[in-house]
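K.L.:
There's a structure below that I have some questions on.
The values are calculated or read from the model by the stated rules, or taken from the named source; none is laboratory data. Keep in mind that what you see is a predicted model, and the values were worked out from it rather than measured. When we count neighbours, we look across all protein chains shown, and the Cβ atoms used for this are built from the backbone with ideal geometry, even at glycine. Keep in mind that these areas ignore ligands, DNA and RNA; they rest on the heavy atoms of the full protein, side chains included. Shrake-Rupley method; radii C 1.70, N 1.55, O 1.52, S 1.80 Å.
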Amino acid sequence: MRWKGQRQSNNIEDRRGNSSGGGGGGRGGLSITGIVIILIGYFLFDVDLSDEVGVLDKQETTTISQNAPVQESQQEADLRGLTGMVLASTEDSWGAYFKHHDAYYREPKLVLYRNATSTACGKGTSATGPFYCPADEKIYIDLSFYDDMKDLGAQGDFAFAYVVAHEVGHHVQHLLGINEKVARQQERLSEKKANQLSVKQELQADCFAGVWGHYVDQKGLLEMGDVQEAMDTAAAIGDDRLQQQGQGHVVPDSFTHGTSAQRMQWFNRGFKSGDPDQCNTFG
Ligand SMILES: [Zn+2]
């Protein structure tokens, strides 16, 4: 994927420099805006600085965190750049879609962390893989997931981009009220039926990722083999494949993401059409 030189998102919150290795979510320190406000206050209104700092320290910074400098490998630097570009392109494509429907696309934040971090949905750990938390509208990614994907047989920059776009897909579902509707329905359903709804929700996020793929393809950013990478990823992270690797047999009722074939099919549907309205997996 040709991601270098493309716009980077301003919505990346980098917590990798937080040495606590867990917990320290939102400990962003002072944003540039915060510092400017304090200085203006200091010079114009004679504000008590210490108090102002205290207030700001307790807040979660909403801009890029000014953490301790992050030590990163070349692979991590590339993945960070790729992630920032993918997030930016989802902002552009979903922003246009919402605008077209006279709605406002509230952009999600994407948190980079290592090992563990606190979220409004509880503690996030690398073992969970990338996830979206609707309560704080943030996507959480430990870049080491790239190596986990490789172990599953999914590799390449577009494979990783697909995962980011899938998580953004969950944010879109949240904005459209789909996540909440599913959760409400699931309360009244048997475990089997509730799982079937989860599968539909996941497949829709795959389809939304495909719609994003269509968008970047139109921009001429895809390279030979990129679509195959996404398809391989969809196949690699299908529940049937994961279950076979985990336990040696497949238990369809406990599927929550969809089979490899289903995931490939829905990604492809979004990719071919470029139309989110084609992503009604619930119909
Ligand atoms: Zn998902």
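K.L.:
Between residue 119 and residues 5 or more places away or on another chain, which pairs have amide H atoms under 5 Å apart, with H built 1.01 Å from N, and which residues are they?
P.N.:
For residue 119, whose amide H was placed from the backbone, the distant partners under 5 Å are 124.
K.L.:
Now a separate question. When all protein chains stay in place, what accessible area (Å², nearest 10, 1.4 Å probe) is found for residue 138?
P.N.:
10 Å²
K.L.:
Follow-up. As a quick test, which of the pairs 4/193; 123/219; 138/200; 181/272 have an alpha carbon distance above 32 angstrom in this structure? Write out the running numbers ahead of the final one.
P.N.:
On the way: 4/193 44 Å; 123/219 37 Å; 138/200 22 Å; 181/272 27 Å.
Violating the 32 Å limit, Cα to Cα: 4/193; 123/219.
K.L.:
In addition: Solvent-accessible area per residue for the range 102-168 at a 1.4 Å probe radius, Å²?
P.N.:
39 Å²
K.L.:
Also, quick follow-up: How much length is gained on full extension from residue 217 to residue 77, taking 0.36 nm per residue of separation minus their Cα-Cα distance?
P.N.:
48.0 nm
K.L.:
When the accessible area of the range 147-246 is computed with all protein chains present and a 1.4 Å probe, what percentage of it is carbon and sulfur?
P.N.:
Carbon plus sulfur share of accessible area: 45 percent.
K.L.:
What are the GluC sites (Glu not before Pro) within the range 148-243 that DSSP puts in a loop, where the Cβ has at most 16 other Cβ atoms within 10 Å?
P.N.:
Of the GluC sites (Glu not before Pro), the ones in loops of the range 148-243 whose Cβ has at most 16 other Cβ atoms within 10 Å are 223.
K.L.:
Leaving ligands, DNA and RNA out of it, rank 100, 174 by accessible area with a 1.4 Å probe, largest first.
P.N.:
Solvent-accessible surface, decreasing: 100, 174.
K.L.:
Let me ask something else. Going by the alpha-carbon gyration tensor, a ≥ b ≥ c the square roots of its eigenvalues, is the range 76-185 rounded (a/c under 1.5) or, if a/c is not under 1.5, prolate (a/b greater than b/c) versus oblate?
P.N.:
Oblate shape, in that a/c is at least 1.5 and b/c is the bigger or equal ratio.
K.L.:
Accessible area of the range 70-145 with a 1.4 Å probe: how many percent of it is carbon plus sulfur?
P.N.:
Of all accessible area on the range 70-145, carbon and sulfur atoms account for 49 percent.
K.L.:
Ignoring ligands, DNA and RNA, how do 101, 170 rank by accessible area with a 1.4 Å probe, largest first? Don't skip to the answer; put the middle values down first.
P.N.:
On the way: 101 95, 170 20 Å².
My answer, sorted largest first, is 101, 170.
K.L.:
What are the residues whose amide H is under 5 Å from the amide H of residue 142, where those residues sit 5 or more places off or on another chain and H is modelled from the backbone?
P.N.:
Those qualifying (amide H under 5 Å, at least 5 residues apart or on another chain) are 113.
K.L.:
Something else about it: With all protein chains present and a 1.4 Å probe, how do 197, 110 order by accessible area, largest first?
P.N.:
197, 110
K.L.:
Could you derive backbone 3J(HN,Hα) for the range 189-203 from the dihedral phi with the Karplus parameters 6.51, -1.76 and 1.60 (θ = phi - 60°), listing whole Hz in sequence and x where the residue is Gly or Pro?
P.N.:
10, 5, 4, 4, 5, 5, 5, 4, 5, 4, 4, 4, 5, 5, 5
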